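Below is one structure; the comments refer to it alone.
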Amino acid sequence: MAADTAGKLRQELEEVFGDADYPVEDPMELVPALPDGPGTTFEADDVTVGVMDLGAEYADYQEYPYETAEGLVDDLMHGFREEGLFE
């Protein structure tokens, strides 16, 4: 179940952040790619993560600049696992 939820969340993150213009030097450069701007939320099954949480709770796992969406999403997923989001 947790792996399936993680996979769904990864796919959603990749779809949204894949629309950003790379390389991305800081998180503010991602805002134009967000469908609901700062109010954007990512949802998979019973897990919901607001885009503002990415900067507040998971900032320590992000290392800008990013050349690709995949690199950003890899770091975010690592942070989600480290913080117990899928438990």
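In a fully extended conformation the segment linking Ala2 and Met52 would gain 15.7 nm over its present Cα-Cα distance, using 0.36 nm per residue. Think of the chain as a dipole: +1 on every Lys or Arg Cβ, -1 on every Asp or Glu Cβ, centred on the Cα centre; then among Gly7, Tyr66, Gly55, Gly7 lies furthest on the positive end. Can you give me the angle between helix 69-82 and the longest principal axis of the chain, using Cα atoms only, in degrees from 0 to 90, rounded to the nearest 10? In the chain, helix 69-82 runs at an angle near 40 degrees to the longest axis.
Mean projected area of the convex hull spanned by the Cα atoms of the chain, taken over all viewing directions: 4.9 nm².
About the centre of its Cα atoms, the chain shows a dipole size close to 140 debye [charges on the beta carbon of Lys, Arg (+1) and Asp, Glu (-1) only; nearest 20 debye]. Take every Cα pair under 8 Å whose residues are at least 6 apart in sequence, average their separation, divide by the length of the chain, and the relative contact order is 35 percent.
Read-outs: derived from the displayed coordinates by stated rules, not from any lab. Note that the structure is a prediction, hence the values are computed from the model and not measured. We place every Cβ from the backbone using ideal geometry, glycine too, and count neighbours over all the protein chains shown.
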